[in-house]
Structure formats: C-alpha cells, structure tokens
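So the structure is just underneath, and the comments pick up after that.
Throughout, read-outs are computed from the coordinates displayed, never taken from laboratory work. Small disclaimer: the values here were computed from a predicted structure and weren't measured. No Cβ is skipped: glycine too gets one built from the backbone with ideal geometry, and neighbour counts run over all protein chains shown.
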C-alpha cells in the first residue's frame, strides 16, 4: 500500500537522499537530481520548514520516493526497483500535487497552476503529464525561470583527460573557510545571478545540512580577497556520483577562465575520490554556460523540459 507524509526533520532529508543514492547506484535511467540538490533546495526555501516542501512516499513501509513542492513547481524522484511500480507512484505524486495546488488556490494561495520537469527521453513521463493536463512551456527561458535545461555528464577515470587550466596572476582556488565567509559567498552568488534572492540566512541554513561540506564549496579568491567564482561540488560517496551546483562567476571577473579552471580542479578532486560520474545542469538558452561545460569535457545526456498545468 502506498502512503505519504510530510518530512519532519533532517533524518527525513537524509532518507530522501537515500532514495537518490539507491537509484544512482542501480543505474536508473531516470537519474537527475543528486542528494545534495535536496540540501540546496531546502536552504533556498528559508524560512519555510522542511515539511512545507518535502513529502516522503512509502510502499508497505519502504521509502520509494520523495516529492518537493513549493506550491507551484514540483520535483520528485522515484526508485521502486520496478518500472511498473514507479509509474504508479509517479501518478500518485502528480495527482496529489494537483489536488494540493487546487486546495491552496481555494484558500487564496497561488493560482492553482503546477509546473514539473521531464527529460526528453522519458517518454512515460511525457505521456503521463499530457494525460493529466500538463503542456510544454514554449519560448526561451526568462531570468530565474528556465524552460529547458541541459543535463551534462562526464566520467573522470584515468582514461578521461582533465585539462589543467591556469588562473590569472593573483587568483587562487580554495574551499570556503567557514561561517565567517558567508557574506562574501552570498555577495558572489548575488552578483553572478542578479537579480538574486540569495541571502545570508539561506547560507547559514545550508552550512548545517546533511551532504554539505565546506571543503566541497569551491571558490576562486580574487587578488583583493573577494570571491570571484564558485562551484559547490556535491558528492555521494556510496553512489560515487558528483554534481556541480551552483556554478557562477561575478561579472567583474568574467572572461578570465575562472569557471573553467575551477571546474577542472573540481573534476580532479572527484577523480581522487573515485567518482564514476559527474554532472552539471545548464540553462539550454545560455550559450556561454553550454559552451563552458562542453569545453571541460561534459557531454549532454538529455534535455529536461518544463511543463505547466493550469488550474483545472
């Protein structure tokens, strides 16, 4: 029997991450998010509580899925070990979100619309979304609202060469030092992704979450001591999968090869850790980021498209 309930604490955040670990380890063809993404999303949801966003799904007491819903955008991951069972859970997650969004709209919260993602090669998800009234969102991405993402992946074994990109004089790569650098790190993020809703309270939450490690929060320090570029290198040591998210450079320091150098540094770290695969997502409409990731050896695994269901 399928049952679900809201997350109640960080143990549930870890349990949701474990679903992803099992899926990646088993070679699920639908692999997209990594467990670090959940930590990042929760930090960005500040001051919302975890249970306001994360819901856990169980079949006969076994955790098989999670869904993340902010009242408008839905993300989810499922791993039952059985494709037919996955389809049942996926339908339940989408149906629950539709009912939830409708109920919120009736209380004056939102307009009842839902947006969800599906990879271009996930034909089952496309069919189910269409059946439930979702349609693809046409047009180019708007700032902060992507309509199509590229999922890039690459291996980092000894047979996969990793460039050694030099930094300009005065710049150096290091890890974030600690809580005392939160303001610097937030300033760099806000500059790279302006207009941005990043704030210090969100980063303070992040530093205390499972799967976040200061040593994996990689930065390029500028000659004046500010943070010029950054990339969090999320790492799942059981699935042996890594992901860079987010990746950005302060516009004042762009066109100096900082992001490429930082990514190559991170890829070498992943090789030392024994990673099987590393991935990164890019706005498919952003020619600069698309070119960056391909220049350091990533190839596109799939496009992920955003779908929207208006209030029924």
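Based on the mean of other beta carbon atoms within 10 Å per residue, what is the order of 287-296, 269-278, most packed first?
Working: 287-296: 16.3, 269-278: 17.9.
Highest-to-lowest ranking by the protection proxy: 269-278, 287-296.
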request  = Please order 216, 163 by the number of other Cβ within 10 Å, starting at the fewest.
outcome  = 163, 216
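Mind giving me the FRET efficiency for residue 155 and residue 238? R0 is 22 Å, r the Cβ-Cβ distance, nearest 0.05 is fine.
The calculated FRET efficiency here is 0.80.
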note = Rounded to one decimal in nm, the spacing of the 7 Å Cα→Cβ label points at residue 255 and residue 59 is 5.4
message = Quick check: from the Cα gyration tensor, does region 156-275 come out rounded (a/c under 1.5), prolate or oblate?
response = oblate
inquiry  = Restricting to bridges with both residues inside region 218-295, how much of the DSSP beta-bridge set is antiparallel, in percent to the nearest 5?
reply    = 75
ask   = For region 49-138, what class follows from the C-alpha gyration tensor (a ≥ b ≥ c being the square roots of its eigenvalues): rounded when a/c is under 1.5, otherwise prolate if a/b is larger than b/c, else oblate?
value = oblate
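If each residue's Cβ is checked for other Cβ atoms within 10 Å, how do 21, 59 rank with the fewest at the top? Don't skip to the answer; put the middle values down first.
Details: 21 19, 59 16.
If I rank by nearby Cβ atoms, fewest first, I get 59, 21.
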note = Fewest to most Cβ atoms within 10 Å: 62, 201 sort as 62, 201
inquiry  = Counting C-alpha atoms alone, how compact is region 216-287: give Rg to one decimal and Dmax as a whole number, in angstrom.
reply    = 12.9, 39
note = Expressed in angstrom and rounded, the centroid-to-centroid distance over alpha carbons for region 95-128 and region 220-262 is 33
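Multiplying the sequence separation of residue 175 and residue 224 by 0.36 nm and subtracting their Cα-Cα distance, what value in nm do you get? Show your work: numbers first, answer last.
Values: separation 49, 0.36 × 49 = 17.64 nm, distance 1.66 nm.
Gain on extension, residue 175 to residue 224, equals 16.0 nm.
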ask   = How are the Cα pair distances of the chain distributed, in percent, across 20 Å bins from 0?
value = 31, 60, 9, 0
ask   = What nm value, rounded to one decimal, do you get for the distance between residue 96 and residue 10 when each label is placed 7 Å out toward the C-beta?
value = 2.4
